[in-house]
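Have a look at the structure below before the remarks.
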Amino acid sequence: MARLSLQGITVQYPSAQAPALADLDLTADEGQFVVVSGALRSGKSTLLRVVAGQETPVSGHVLIGGVDVTGLPAQDRDAVLVFQNYALYPHMDVQENMSFALRVAGVPEAERLDRVHEAARLLDLESQLTWGPEELTRPQRQQVALARAVVRRPAVLLMDDPLAALPPELKDHTAGLIRSLARTLGVTTVYATAEPGPVASVADRRLRLDSGRLREETAVS
Ligand SMILES: Nc1ncnc2c1ncn2[C@@H]1O[C@H](COP(=O)(O)OP(=O)(O)OP(=O)(O)O)[C@@H](O)[C@H]1O
């Protein structure tokens with residue numbers, strides 16, 4: 001859990017006329033759930049990638065927990081990005097998918113199990129831990145992808161429209177699950193979406209990305 005701060009971030013793709021992000025500022029307090037909405041191609045993914053360390057800004061700074069991480073590679077930042085297009089390891093069951101990154105990071109087995117079971121409980125996946133990815137529904141697969149990110153206990157969780165591909169009737173329920181997961185883990189979350197409706201009621205703050213800048217949409221108490 002940490003405060004996230006973006007200061008004067010500008011991203012200019014070589015092929016583009018206008019910058020994707022233009023002198024953008026953003027602060028998310030510790031544990032806050034911030035929803036960033038914006039039209040297609042407004043720069044939402046670029047914003048998340050800058051925080052994750054997958055895109056280098058031409059100017060500006062990214063701070064996580066007060067530490068300037070602008071020059072650090074993605075693997076050295078305490079931030080994880082959950083994509084729209086996730087891929088589970090097909091030859092591993094749900095539990096192995098969820099604990100793989102922890103195993104690579106050398107987390108001891110007992111702690112791996114604890115974290116996996118906690119994430120499974122929070123995401124309604126306890127009965128599926130020994131299933132293969134092909135046995136899961138699409139929403140369950142999305143849930144495993146999310147669980148795989150949060151077991152790493154990142155300071156900052158970045159979500160790129162994780163509900164976009166879900167059937168409409170599941171969006172509100174899944175938005176609630178994601179919110180309670182973020183709250184229980186106390187993880188600072190930036191949630192980018194073209195369709196803020198399902199998460200509007202669970203956001204601490206709502207911002208809109210427009211012409212490469214953010215503006216406050218509503219203050220939610
Ligand atoms: N790697 C890249 N190289 C060049 N231009 C890019 C690159 N990635 C994104 N862009 C451009 O930057 C702008 C912002 O794109 P970005 O994907 O960040 O927006 P978005 O709001 O996430 O879009 P969507 O809602 O369609 O996913 C777009 O004009 C896009 O074409």
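The values are calculated or read from the model by the stated rules, or taken from the named source; none is laboratory data. Just so we're clear, the structure is a prediction, and the values are computed from it rather than from any experiment. With ideal geometry, Cβ positions are generated from the backbone for all residues, glycine too; neighbour counts draw on all protein chains shown.
Among the residues of region 35-50, not a single one is in the same structural domain as residue 210 (by TED's automatic domain parsing), assigned to a loop (DSSP other than H, G, I, E, B) and either of a type in the set (Val, Ile, Thr) or in contact with a Lys or Arg (Cβ under 8 Å, 6 or more places away or on another chain) (or both). Within region 86-106, restricting attention to residues that are within 24 Å of residue 4 (Cβ to Cβ) and of a type outside the set (Phe, Trp, Tyr), which residue is surrounded by the most Cβ atoms within 10 Å (Cβ to Cβ)? By that ranking, first place goes to 102. Taking the conditions exactly as written (in the same structural domain as residue 4 (by TED's automatic domain parsing) and free of Cβ contacts under 8 Å to residues at least 40 places away in the same chain), does residue 208 satisfy them or not? Spelling it out, it is not the case that residue 208 is in the same structural domain as residue 4 (by TED's automatic domain parsing) and free of Cβ contacts under 8 Å to residues at least 40 places away in the same chain. Within region 147-157, can one find any residue that is outside any helix (DSSP H, G or I), out of contact with any strand residue (DSSP E or B) (no Cβ under 7 Å at 6 or more places or on another chain) and under 30 Å from residue 66 (Cα atoms)? Checked against the condition, which is being outside any helix (DSSP H, G or I), out of contact with any strand residue (DSSP E or B) (no Cβ under 7 Å at 6 or more places or on another chain) and under 30 Å from residue 66 (Cα atoms), region 147-157 yields at least one hit. Being out of contact with any Cys (no Cβ under 6 Å at 6 or more places or on another chain), within 16 Å of the ligand (Cβ to nearest atom) and either farther than 23 Å from residue 196 by Cα or of a type in the set (A, V, I, L, M, F, W, C) (or both) narrows it down to one residue among 129, 47; which is it? Within the list 129, 47, the selection yields 47. Scoring residue 215 on the criteria (1) surrounded by 13 or more Cβ atoms within 10 Å (Cβ to Cβ); (2) out of contact with any Gly (no Cβ under 8 Å at 6 or more places or on another chain); (3) not aliphatic (A, V, I, L, M) leaves a single failure, condition (1).
Specify the residue that is nearest to residue 121 (Cα to Cα); the eligible residues are those in region 51-103 that are in a helix (DSSP H, G or I) and in contact with a strand residue (DSSP E or B) (Cβ under 6 Å, 6 or more places away or on another chain). In this case the residue turns out to be 52.
Of all the residues in region 14-25, those that are free of Cβ contacts under 8 Å to residues at least 12 places away in the same chain and either more than 11 Å from the ligand (Cβ to nearest atom) or closer than 13 Å to residue 46 by Cβ (or both) number 1. Can you find a residue that is more than 20 Å from residue 147 (Cα to Cα), of a type in the set (A, V, I, L, M), touching a residue at least 40 places away in the same chain (Cβ under 8 Å) and assigned by TED's automatic domain parsing to the domain that holds residue 187 anywhere in region 63-85? Yes: region 63-85 contains one or more residues that are more than 20 Å from residue 147 (Cα to Cα), of a type in the set (A, V, I, L, M), touching a residue at least 40 places away in the same chain (Cβ under 8 Å) and assigned by TED's automatic domain parsing to the domain that holds residue 187.
Of the residues in region 174-189, none is farther than 16 Å from residue 122 by Cα and within 16 Å of the ligand (Cβ to nearest atom). Condition check: farther than 26 Å from residue 178 by Cα and within 16 Å of the ligand (Cβ to nearest atom). Does residue 39 satisfy that? Criteria not met by residue 39.
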